[in-house]
Amino acid sequence: MKKILIAPFVLLIRFYQVAISPYTPATCRYSPTCSKYTLEALKKYGLFKGGWLSLKRILSCNPWGGDGYDPVP
């Protein structure tokens, strides 16, 4: 059931990684990148908790946020 719920989001992220990201400057301050982090979080925790972790991560990816190595907990 979890895989069915996250499938559309995984497809959107994969599309972003293949079709959009290569043509924009690399600006993510974290390792792994925010898109990779989101994929891992969704696969590990599902749509709601993984989505919440991803949202927090994306919102902190700014000049006043953190940086460096930040794996999925």
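Worth a mention:
- Under the condition of being more than 13 Å from Phe9 (Cβ to Cβ) and small (Gly, Ala, Ser), the residues counted in segment 32-65 number 2.
- Pairs meeting the criteria (first residue in segment 22-33 and closer than 11 Å to Ile58 by Cβ, second residue not in a loop (DSSP other than H, G, I, E, B), beta carbons under 6 Å, at least 6 apart or on different chains) are Cys28/Cys34.
- Close pairs from segment 43-61: first of a type outside the set (Lys, Arg), partner buried (at least 17 other Cβ atoms within 10 Å of the Cβ), Cβ under 6 Å, at least 6 apart: Leu47/Ile6; Gly50/Ala41; Gly50/Leu42; Leu53/Ala41; Ser54/Thr38; Ser54/Ala41; Ile58/Cys34; Cys61/Cys34
- Of all residues in segment 5-39, those that are farther than 22 Å from Asp67 by Cα, buried (at least 16 other Cβ atoms within 10 Å of the Cβ) and not aliphatic (A, V, I, L, M) total 1.
- Every residue from segment 62-73 that is over 18 Å from Lys3 (Cβ atoms) and either open to solvent by 90 Å² or more (accessible area, probe 1.4 Å) or without any contact (Cβ under 8 Å) to a residue 40 or more places away in the chain (or both): Asn62, Pro63, Trp64, Gly65, Gly66, Asp67, Gly68, Tyr69, Pro71, Pro73
- Flag for Lys2 being open to solvent by 40 Å² or more (accessible area, probe 1.4 Å) and under 18 Å from Pro71 (Cβ atoms): no
- Only listed residue being open to solvent by less than 30 Å² (accessible area, probe 1.4 Å), outside any strand (DSSP E or B) and not aromatic (Phe, Trp, Tyr), chosen from Leu55, Leu47, Leu42, Leu59: Leu42
The values are calculated or read from the model by the stated rules, or taken from the named source; none is laboratory data. Keep in mind that this is a model prediction, so the values were computed, not measured. Cβ: placed from backbone, ideal geometry, glycine included. Neighbour counts: every protein chain shown. Please note that ligands, DNA and RNA were not included when accessible areas were found on the heavy atoms of the full protein model with its side chains. Shrake-Rupley method; radii C 1.70, N 1.55, O 1.52, S 1.80 Å.
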